[in-house]
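Please read the structure below before turning to the comments.
The values are calculated or read from the model by the stated rules, or taken from the named source; none is laboratory data. Fair warning: this is a prediction, and the values are worked out from it, not measured in the lab. Note: ideal-geometry Cβ built from the backbone for every residue, glycine included; neighbour counts use all protein chains shown. Please note that ligands, DNA and RNA were not included when accessible areas were found on the heavy atoms of the full protein model with its side chains. Shrake-Rupley method; radii C 1.70, N 1.55, O 1.52, S 1.80 Å.
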Amino acid sequence: MTVVITPLALFGRWALALLAAIGRIALFAGQTVAHIVKPPFYRREFTSALLHIGYLSLPVVGMTTFFTGGALALQIFAGGARFSAEAVVPQIVAIGMVRELGPVLVGLMIAARVTSSIAAELATMRVTEQIDALVTLSTHPMKYLTVPRVLAATLVMPLLVGVGDVIGIMGGFLVGTERLGFNGATYLQNTVEFLQLNDVVTSLIKGAVFGFIAATMGCYYGLNSGLGAQGVGRATKASVVAASVLILAANFILTGVFFSI
Amino acid sequence: MITLTDIHKSFGSKQVLRGVDLHIPRGESMVIIGGSGTGKSVTLKCVLGLVTPDQGRIEVDGQNAARAERDTFLARFGMLFQGGALFDSMPVWQNVAFRLLRGSLKRPRAEAREIAVEKLRRVGLSPDVADLFPAELSGGMQKRVGLARAIAAEPEIIFFDEPTTGLDPIMAGVINELIREIVVEMGVTAMTITHDMSSVRAIADKVAMLHDGVIKWSGPVADMDASGDPYLDQFIHGRAEGPIASVR
Ligand SMILES: Nc1ncnc2c1ncn2[C@@H]1O[C@H](COP(=O)(O)OP(=O)(O)OP(=O)(O)O)[C@@H](O)[C@H]1O
Ligand SMILES: [Mg+2]
């Protein structure tokens, strides 16, 4: 009997813990949104978050999407050649980058770069009593730390995704024209004519959602970190894992919502 | 002005406070002494609401601290944390002037900076320190920056958690004098935690000794030496033998 019961009990406990965590995270996200609309708003912190999350992420976003766009073009060319459909490279690169790979890759890179740094920073602040100090200085940690970061990430991520989409397509374009013998003008024309406004808009919406997830997870795990250096390490790891998984899950759901009809 | 009644607090199975009763009248300087790990810092954090007591009541000016409007309540306090708790993302002067740069006490940056430099001078730090980052300072300097931050907005009530630990004897003397001055001249109500008995004598109007989760002894600083309390005697003379176990 116990052979059956023990794993079941373990699974049950795990499931309960997971549900509790989801509940706490949802509550935290709700509170964050509520605090966005209530003053005071810390403009200086917001501007600095825009710089760190947005501008300074550009190189990594550009590199990731550029190489992926190039690789995608090579693969589609090789795969398409099996049923003599090499000519679809521009169209598939465009749709693949804009609809899926652009938002997802940029989202994951932001989870790696931004979520981790937010979580480590806030967790260190928690451990060294800086969060307590903020409170005694009549400053709400959610308003001062969470709101600027989450708002900045949500607003700037569509831009990053847009840039990522363009650079990804450019990667495909370079490979297509330099290696695969496509005519430059035709390649571009095929891309532009094939893409619909709908594709671009959903890409940017995904970006905003992923940005919100990435920053919120960093703040949640940072502010709720355990004590000591180990607490900081755990919080950072948990935040990146949670952000990545949630981004992929959200991507699946959003893709279903946008393109199933 | 501040009254703690029957405060209990446990962390997990560890009972830290088991019924603390303490009263600090307005304009007085109360010093809390007690062994390491007895819950002195936790007591201060309970008053500020950073730690929620499991049981008991805290009143400030007759108002229940748990129900007070947080912003106006906290605006009356200044706090020096044991570890300094400086914001390492901003330079020293912005740490000191934190309250003066935002919120209800906000004023022009140049003015806030001037006040910060003046407060730094009062804790014995030169103006060059103002533009350094906390990580570039020594431990004792960080402590003093924390002290300057606690007094910067001129609050009515100030808590000092070990203000002189890590300072050289001369600097410790300067800080003791500063705290005394703040209490006498500005009428501040102060609560100080310290292990340094010369500091106790320099700062305190009243002394309270925390042991085993309760206030074992409290009274005016002048009565401290003739208290006849074996716990207090052992503590102020730093004896290894006595009722307080040396392994805790
Ligand atoms: N956040 C916390 N989680 C768990 N235990 C805690 C926490 N804060 C304090 N404690 C425990 O409460 C006890 C009292 O801690 P506190 O910091 O108040 O000691 P203290 O009297 O200030 O000692 P010291 O003089 O060494 O600073 C300690 O045993 C500590 O382990
Ligand atoms: Mg302490």
Discussion item. If the requirement is being at pLDDT 90 or above and more than 17 Å from the chain's Cα centre (by Cα), which of these qualifies: B:ARG149, B:ARG113?
Written reply: B:ARG113
Fill in: Residues that are in a loop (DSSP other than H, G, I, E, B) and either within 14 Å of chain A (Cβ to nearest Cβ) or on the phi > 0 side of the Ramachandran plot (or both), drawn from region B:110-136
B:GLY124, B:PHE133
Worksheet item: Looking at (1) in contact (Cβ under 8 Å) with a residue 12 or more places away in the chain; (2) at negative phi; (3) surrounded by fewer than 17 Cβ atoms within 10 Å (Cβ to Cβ), can you tell me which one B:ARG107 breaks?
Response: (1)
Response to the item:
Given the conditions (1) within 16 Å of A:THR47 (Cα to Cα); (2) away from every other protein chain (no Cβ under 13 Å); (3) open to solvent by 10 Å² or more (accessible area, probe 1.4 Å), every one holds for A:THR146 apart from (3)
Item to complete: From A:LEU155, A:LEU204, A:LEU151, grab the single residue that is closer than 30 Å to B:LEU101 by Cβ, in a helix (DSSP H, G or I) and either open to solvent by 50 Å² or more (accessible area, probe 1.4 Å) or among the hydroxyl-bearing types (Ser, Thr, Tyr) (or both).
Response: A:LEU155
Worksheet item: In region A:77-94, is there at least one residue being buried (at least 19 other Cβ atoms within 10 Å of the Cβ) and of a type in the set (S, T, N, Q)?
Response: no
Discussion item. Within region B:154-244, considering only strands (runs of 3 or more DSSP E) that don't extend past its boundaries, which have at least 1 residues that are away from ligand 1 (no atom under 13 Å from the Cβ) and within 14 Å of another protein chain (Cβ to nearest Cβ)?
Written reply: B:157-161
Worksheet entry | Enumeration of residues in region B:90-100 that are more than 8 Å from every other protein chain (Cβ to nearest Cβ) and open to solvent by 10 Å² or more (accessible area, probe 1.4 Å) | B:MET90, B:PRO91, B:TRP93, B:GLN94
Worksheet entry | Matching residues, region A:78-93, being more than 15 Å from A:THR191 (Cβ to Cβ) and assigned to a helix (DSSP H, G or I) | A:ALA78, A:GLY79, A:GLY80, A:ALA81, A:GLU86
Worksheet item: For region B:91-110, does any single residue satisfy the condition of being within 16 Å of ligand 1 (Cβ to nearest atom) and out of contact with any strand residue (DSSP E or B) (no Cβ under 6 Å at 6 or more places or on another chain)?
Response: no
Worksheet item: Restricting the search to region B:62-75, which residues are in a loop (DSSP other than H, G, I, E, B) and within 14 Å of chain A (Cβ to nearest Cβ)?
Response: B:ALA65, B:ALA68, B:GLU69, B:ALA75
Worksheet, complete the sentence: Within region B:76-86, the count of residues that are among the hydrophobic types (A, V, I, L, M, F, W, C) and either surrounded by fewer than 19 Cβ atoms within 10 Å (Cβ to Cβ) or more than 10 Å from every other protein chain (Cβ to nearest Cβ) (or both) comes to 0
Item to complete: Hey, could you check region B:6-61 for residues that are assigned to a helix (DSSP H, G or I) and either in contact (Cβ under 8 Å) with a residue 40 or more places away in the chain or away from ligand 1 (no atom under 11 Å from the Cβ) (or both) and say which is farthest from B:ILE244 (Cα to Cα)?
Response: B:LEU48
Practice prompt. Output the residue which, of all residues in region B:42-71 that are of a type in the set (S, T, N, Q) and open to solvent by 30 Å² or more (accessible area, probe 1.4 Å), is nearest to ligand 2 (Cβ to nearest atom).
Written response: B:THR52
Worksheet item: Do any residues in region B:156-181 that are over 18 Å from B:VAL221 (Cα atoms) have Cβ atoms under 7 Å from those of residues that are among the hydrophobic types (A, V, I, L, M, F, W, C) and open to solvent by 20 Å² or more (accessible area, probe 1.4 Å), where the two are at least six apart or on different chains, and which pairs are they?
Response: B:ILE175/B:LEU167
Practice prompt. Select from region B:28-41 the residues that are more than 16 Å from ligand 2 (Cβ to nearest atom) and either open to solvent by less than 30 Å² (accessible area, probe 1.4 Å) or within 14 Å of another protein chain (Cβ to nearest Cβ) (or both) and list them in ascending order.
Written response: B:SER29
Response to the item:
Residues of region B:50-63 being more than 21 Å from A:THR139 (Cα to Cα) and touching a strand residue (DSSP E or B) at 6+ places or on another chain (Cβ under 9 Å), in sequence order, are B:PRO53, B:ASP54, B:GLN55, B:GLY56, B:ARG57, B:ILE58, B:GLU59, B:ASP61, B:GLY62
Worksheet item: Limited to region A:39-70, what total is found for residues that are more than 13 Å from A:ALA152 (Cα to Cα) and either open to solvent by less than 40 Å² (accessible area, probe 1.4 Å) or in contact (Cβ under 8 Å) with a residue 60 or more places away in the chain (or both)?
Response: 11
Response to the item:
Residue set A:ALA73, A:ALA119, A:ALA111, A:ALA123; condition open to solvent by less than 10 Å² (accessible area, probe 1.4 Å) and within 14 Å of chain B (Cβ to nearest Cβ); output residue A:ALA123
Discussion item. Go through region B:7-24 and report how many residues are closer than 23 Å to B:MET224 by Cβ and open to solvent by 30 Å² or more (accessible area, probe 1.4 Å).
Written reply: 2
